[in-house]
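Quick one: structure below, then a few questions.
The values are calculated or read from the model by the stated rules, or taken from the named source; none is laboratory data. These numbers come from a predicted model, not from an experiment. Cβ placement follows ideal geometry from the backbone for every residue including glycine, while neighbour counts extend to all protein chains displayed. With ligands, DNA and RNA removed, areas are computed over all heavy atoms of the protein, side chains included. Shrake-Rupley method; radii C 1.70, N 1.55, O 1.52, S 1.80 Å.
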Amino acid sequence: MTKKAAVMMIDGFEESETMQITDLLRRAGVETYTYRFQDEEYVEGMQKIKVKSDRRFSEEVKEADVIVVPGGRTCAAKFIADEEFMNTLKWFNENGKLIAGMCSGTTVLEAAGVLQGKKATGYTGYEEKLKSAEFVHEVAVFDQNVVTSQGPATPYPFAFKIMEALGIDPSGMKARLLYSLAGGR
């Protein structure tokens, strides 16, 4: 059965993280859609690049096997301010569904209470921001139902960790991308 991923996009999202994660998950055969929080289908990223999203955020997101919260300097506060979205993250956690966050997205997971008692990683200095988690200094971490990753240079290991958490072996893709030759872990 095909796995489904919901990748969130809100004004200020980190374009390269979001697009690389989306691309890699789609290449792995995961039915992946990007979701926006406004009526306008183009969402402006952190670098002022406007990216077309697939769908508007709705209850449909709960049909996904994983919800992905990428980073972006200003987007974490916007995610946290959206009560419906935060309740959706809590719902995913309560139902044991996979939740993934990288860079500032990890602070959104912290605010939603989904990191409590789980190993997590995050951007430099986030050890102080992710207080409910057992912070580990690793590139990407999967614990229980949560995948976290450090920051802008980590979309590949983050996406590979999401694949593994979904039961997809990323080794073939890593080989095709010459990932290990580039020093990827």
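Can you tell me how many residues within the range 70-109 are touching a residue at least 24 places away in the same chain (Cβ under 8 Å), under 14 Å from ASN145 (Cα atoms) and not polar (S, T, N, Q)?
Residues in the range 70-109 being touching a residue at least 24 places away in the same chain (Cβ under 8 Å), under 14 Å from ASN145 (Cα atoms) and not polar (S, T, N, Q): 11 in total.
Restricting attention to the range 95-142, report how many residues are assigned to a helix (DSSP H, G or I), closer than 23 Å to PHE37 by Cα and charged (D, E, K, R).
1
While we're on this one: Test GLY113 against the stated conditions and say whether it is among the small types (Gly, Ala, Ser), in contact with a Ser or Thr (Cβ under 8 Å, 6 or more places away or on another chain) and at pLDDT below 95. Lay out the reasoning, then the answer.
Values: among the small types (Gly, Ala, Ser): yes; in contact with a Ser or Thr (Cβ under 8 Å, 6 or more places away or on another chain): yes; at pLDDT below 95: no.
Taking the combined requirement at face value, the residue does not satisfy it.
Can you tell me which residues in the range 157-180 are closer than 19 Å to GLU17 by Cβ, open to solvent by 40 Å² or more (accessible area, probe 1.4 Å) and modelled with pLDDT under 95?
LYS174, LEU177 - these are the residues of the range 157-180 that are closer than 19 Å to GLU17 by Cβ, open to solvent by 40 Å² or more (accessible area, probe 1.4 Å) and modelled with pLDDT under 95.
Could you check THR124 against (1) over 13 Å from the mean Cα position of the chain (by Cα); (2) closer than 21 Å to VAL43 by Cα; (3) polar (S, T, N, Q) and say which number it fails?
Failing condition for THR124: (2).
Would you mind telling me which numbered condition in (1) open to solvent by 10 Å² or more (accessible area, probe 1.4 Å); (2) within 17 Å of GLY12 (Cα to Cα); (3) under 14 Å from the mean Cα position of the chain (by Cα) GLU44 fails?
Among (1) open to solvent by 10 Å² or more (accessible area, probe 1.4 Å); (2) within 17 Å of GLY12 (Cα to Cα); (3) under 14 Å from the mean Cα position of the chain (by Cα), GLU44 violates only (3).
Restricting to the range 30-46, name every residue that is part of a loop (DSSP other than H, G, I, E, B) and either more than 18 Å from VAL61 (Cα to Cα) or free of Cβ contacts under 8 Å to residues at least 40 places away in the same chain (or both). Show your work before the answer.
To start, the set of residues in the range 30-46 that are part of a loop (DSSP other than H, G, I, E, B) comprises 30, 37-41, 45-46.
GLN38, ASP39, GLU40, GLU41, GLY45, MET46, listed by residue number.
Could you identify the single residue in MET86, MET173 that is of a type in the set (A, V, I, L, M), over 16 Å from the mean Cα position of the chain (by Cα) and not in a loop (DSSP other than H, G, I, E, B)?
MET173
Show the residue pairs that are 6+ apart or on different chains and have beta-carbon atoms under 8 Å apart, the first residue being within the range 1-13 and on the phi > 0 side of the Ramachandran plot and of a type in the set (Gly, Ala, Ser), the second being part of a loop (DSSP other than H, G, I, E, B) and open to solvent by less than 20 Å² (accessible area, probe 1.4 Å).
Sorted first by the residue in the range 1-13, then by its partner, the pairs are GLY12/GLY45; GLY12/GLY72.
Quick check on my filter: what residues within the range 6-39 are touching an Asp or Glu at 6+ places or on another chain (Cβ under 7 Å) and under 18 Å from PHE160 (Cβ atoms)?
Result: no residue meets the conditions.
Identify, from the list THR154, THR148, THR124, the residue that is open to solvent by 70 Å² or more (accessible area, probe 1.4 Å), within 17 Å of GLY71 (Cα to Cα) and β-branched (Val, Ile, Thr).
None of the others qualify; the one that does is THR124.
Moving on to the next point. Restricted to the range 62-85, and to residues that are surrounded by fewer than 19 Cβ atoms within 10 Å (Cβ to Cβ) and touching a helix residue (DSSP H, G or I) at 6+ places or on another chain (Cβ under 8 Å), which residue is nearest to GLU17 (Cα to Cα)?
ILE80
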